[in-house]
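Handing you a structure now.
The values are calculated or read from the model by the stated rules, or taken from the named source; none is laboratory data. Here the structure is a predicted model, which is why all the values come from computation and not from measurement. As a convention, Cβ positions derive from the backbone with ideal geometry for all residues, glycine included, and neighbour counts pool all protein chains shown.
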């Protein structure tokens, strides 16, 4: 938990403050003064008696005790200053602007660790280094501009990049988005995104705390903590939208060079966000557009009325919404005819409702009133700009009044950022959000309206199964499990498997042949990828083919034995899983066999996976209609497929040492689901780190 003196200090010292407002130390001091910090304010500058009208201390040893230190001095001087502040001045809060630490080289990383050790020992909290600071209702501790408009109902914003935070604030200001707080974590030497989320979660107060959180993330060092607090905040009624930069290998490298960020595979980030219920964005403007939508009233459905005086933007918005599953219902009947009679000739009310370039404020009032009373409409988007011929103050006044009084959300798309910039500015001053681009707005709106609910809580695996499974796992070394052991593991977890019989020589095969029921499948053991080396022979139907197939497979390089397995018919499916760094497992499903590599139609979710999540994974597949049955062909038992996904998820939760798991294929019919091939790799990690996994995320 963050030290309260970082959040609400009664006294602040700016170490490196100056009269030069174009320097970090000068600008942060000016911001503190301009925004009327109500506590005591001190400055340390060895070269001046007064700095911006305040007494300047030439030596940090001479200042009084102080709650928070904001440091804008070269990296090489920071350690000594922190030592004085922690050991002599009872300072508990630290914001370090200075660069030249872990983001630069090993020597910088060593300095950074010394600073963190000193602050940890004193029980303090450090934001940075290499950041732009913090803004909340108590103080404006940043060295940048512009300072966003602060509002308790605004958004809380956490950023891993100071510059990105500035750019987002600039864009947000132009559309009327307000902020409740801003935290920039820089190198996250002690406090990262996860710790800020923990603070926002534990200090959340219903009715007073901001319900919209924005994140710009370059590293997630503790995914379980991140998941715990984002899920908790969303459970309390919050909405979270986030950008995770570095989704490509090159982007990860750039992020690492920027802040020493940990590289996280994109599928793990994506499933982590889905697990929590976070809306994922991919750019600054998309992020703030989503935030603007989240700050409006909440819609009860997906039926949208598009009101416009310009046909083109309405058509483009209609296309975007329709492609993303939102409805633009056709409007007709007596009420719509009555509305049409109030509009100019040539207008249309079928939806989009087009009241022409000459449309006026009175007509807009009537249109919105009609939409408000229509049972076919859940939300309203109004697109209204200007060709520059007339003022639009009266139109925007109607829009403002209706936004505040309507029970349904009304979104204002105001594209004329040049012709009516003054009118838009006044509209924003009244506390409204003005969206400027209908396509960007439509894409963001679709993400918000299609956001999946937070997953149902999963049940903990049966401890009895855990004991049996661990007895098996503890006997095995790291690496790929022997097939027999892997099959035993799956059966213990409740997964049905077509049990094979193993033959290392013709004598063993001869014994097997006496009890075999044809047809069977022959599979080589030894080579990792059987299909790639011709190591699978299907539909073996007699003894002659059995022995000939055995001889052929044993000649493959690396072959150690041959598995003889019942030939199971059905649709080929796939379930796989992977573990990475400190993330929970990601589990994947889709069509099996060669379709996994060729079509790449795969759904993914982070463990633990509930039955509800498993079913959604399946229905999200492009192949879902095939699984359900199409054109006279029988489908599979989808509930059984989902149950098997959950069983694999439970196994992965019980055995975090499973680094990879591959069930490909599973043979599925409308009655049954049987695994016929398995590959599992064990990689032991820090068990203590994983011990509390179920409690953390279940």
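Considering 188, 159, which residue is under 20 Å from the mean Cα position of the chain (by Cα) and touching a residue at least 60 places away in the same chain (Cβ under 8 Å)?
188
Which ones in region 300-317 are buried (at least 20 other Cβ atoms within 10 Å of the Cβ) and within 12 Å of residue 445 (Cβ to Cβ)?
Matches in region 300-317: 304, 306, 317.
Show me the helices (runs of 4 or more DSSP H) entirely contained within region 572-661 in which 2 or more residues are within 23 Å of residue 452 (Cβ to Cβ) and touching a strand residue (DSSP E or B) at 6+ places or on another chain (Cβ under 8 Å).
611-619, 624-628, 638-654
Further question: Quick one: in region 556-568, of everything that is outside any strand (DSSP E or B) and either assigned by TED's automatic domain parsing to the domain that holds residue 623 or in contact with a strand residue (DSSP E or B) (Cβ under 6 Å, 6 or more places away or on another chain) (or both), which residue is nearest to residue 630 (Cα to Cα)?
For region 556-568, the residue satisfying everything is 568.
Matching residues to (1) without any contact (Cβ under 8 Å) to a residue 24 or more places away in the chain; (2) within 30 Å of residue 169 (Cβ to Cβ); (3) assigned to a loop (DSSP other than H, G, I, E, B):
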{"site": "268", "(1), (2), (3)": "no, yes, no"}
{"site": "296", "(1), (2), (3)": "no, yes, yes"}
{"site": "307", "(1), (2), (3)": "no, no, no"}
{"site": "317", "(1), (2), (3)": "no, yes, no"}
{"site": "321", "(1), (2), (3)": "no, yes, no"}
{"site": "329", "(1), (2), (3)": "no, no, yes"}
{"site": "332", "(1), (2), (3)": "yes, no, yes"}
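Residues in region 673-690 that are outside any strand (DSSP E or B) and either surrounded by 21 or more Cβ atoms within 10 Å (Cβ to Cβ) or modelled with pLDDT of 95 or more (or both): how many?
2
Also, I was wondering about something else. Which one of these does residue 415 not meet: (1) surrounded by 22 or more Cβ atoms within 10 Å (Cβ to Cβ); (2) within 15 Å of residue 306 (Cα to Cα)?
So residue 415 meets the others, but not (1).
Determine if region 205-213 includes at least one residue that is assigned to a strand (DSSP E or B), at pLDDT 95 or above and within 27 Å of residue 436 (Cα to Cα).
yes
Given the residues 418, 439, 448, which is the only one that is assigned to a loop (DSSP other than H, G, I, E, B), within 18 Å of residue 175 (Cβ to Cβ) and either at pLDDT 95 or above or out of contact with any helix residue (DSSP H, G or I) (no Cβ under 8 Å at 6 or more places or on another chain) (or both)?
Selected residue: 418, the only one of 418, 439, 448 that is assigned to a loop (DSSP other than H, G, I, E, B), within 18 Å of residue 175 (Cβ to Cβ) and either at pLDDT 95 or above or out of contact with any helix residue (DSSP H, G or I) (no Cβ under 8 Å at 6 or more places or on another chain) (or both).
Scan region 387-407 residue by residue and report those that are surrounded by fewer than 21 Cβ atoms within 10 Å (Cβ to Cβ), in a loop (DSSP other than H, G, I, E, B) and in contact (Cβ under 8 Å) with a residue 24 or more places away in the chain.
387, 388, 391, 406, 407
Residues checked against (1) without any contact (Cβ under 8 Å) to a residue 24 or more places away in the chain; (2) surrounded by fewer than 21 Cβ atoms within 10 Å (Cβ to Cβ); (3) within 30 Å of the chain's Cα centre (by Cα):
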residue	(1), (2), (3)
420	no, no, no
441	no, no, yes
453	no, yes, yes
484	yes, yes, no
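Residues are listed down the side, and each one gets a yes or a no for (1) under 41 Å from the mean Cα position of the chain (by Cα); (2) buried (at least 20 other Cβ atoms within 10 Å of the Cβ); (3) outside the structural domain of residue 659 (by TED's automatic domain parsing):
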{"site": "521", "(1), (2), (3)": "no, yes, yes"}
{"site": "532", "(1), (2), (3)": "yes, no, yes"}
{"site": "540", "(1), (2), (3)": "no, yes, yes"}
{"site": "550", "(1), (2), (3)": "no, yes, yes"}
{"site": "553", "(1), (2), (3)": "no, yes, yes"}
{"site": "592", "(1), (2), (3)": "yes, yes, no"}
{"site": "610", "(1), (2), (3)": "yes, no, no"}
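Show the residue pairs that are 6+ apart or on different chains and have beta-carbon atoms under 8 Å apart, the first residue being within region 92-113 and not assigned by TED's automatic domain parsing to the domain that holds residue 74, the second being modelled with pLDDT under 95 and surrounded by 23 or more Cβ atoms within 10 Å (Cβ to Cβ).
Sorted first by the residue in region 92-113, then by its partner, the list stays empty.
Okay, next question. Within region 354-361, identify whether any single residue is within 29 Å of residue 451 (Cβ to Cβ), in the same structural domain as residue 406 (by TED's automatic domain parsing) and surrounded by 17 or more Cβ atoms within 10 Å (Cβ to Cβ), and answer yes or no.
Among the residues of region 354-361, not one is within 29 Å of residue 451 (Cβ to Cβ), in the same structural domain as residue 406 (by TED's automatic domain parsing) and surrounded by 17 or more Cβ atoms within 10 Å (Cβ to Cβ), which makes the answer no.
For region 563-583, indicate whether the set of residues that are modelled with pLDDT under 95, closer than 30 Å to residue 504 by Cβ and surrounded by fewer than 16 Cβ atoms within 10 Å (Cβ to Cβ) is non-empty.
Yes: one or more hits.
Select from region 384-410 the residues that are under 16 Å from residue 314 (Cα atoms) and touching a helix residue (DSSP H, G or I) at 6+ places or on another chain (Cβ under 7 Å) and list them in ascending order.
384, 410
Just the residues that are part of a helix (DSSP H, G or I) and either out of contact with any helix residue (DSSP H, G or I) (no Cβ under 9 Å at 6 or more places or on another chain) or surrounded by fewer than 24 Cβ atoms within 10 Å (Cβ to Cβ) (or both), please, taken from region 170-193.
170, 171, 173, 174, 175
Okay, moving on. Just to be sure, is residue 636 assigned by TED's automatic domain parsing to the domain that holds residue 591, farther than 16 Å from residue 577 by Cβ and crowded, with 21+ Cβ neighbours inside 10 Å?
Judged against the criteria, residue 636 is a match.
Tell me, yes or no, whether region 355-377 has at least one residue that is touching a strand residue (DSSP E or B) at 6+ places or on another chain (Cβ under 8 Å), under 21 Å from residue 441 (Cβ atoms), at pLDDT 95 or above and part of a strand (DSSP E or B).
no
Which residues, counting only those in region 482-510, are in contact with a helix residue (DSSP H, G or I) (Cβ under 7 Å, 6 or more places away or on another chain) and assigned to a loop (DSSP other than H, G, I, E, B)?
493, 494, 495, 499
Mind listing whichever residues of region 114-129 are in contact (Cβ under 8 Å) with a residue 24 or more places away in the chain and within 32 Å of the chain's Cα centre (by Cα)?
Across region 114-129, the qualifying residues are 115, 116, 119, 120, 123, 124, 125, 126, 127, 128, 129.
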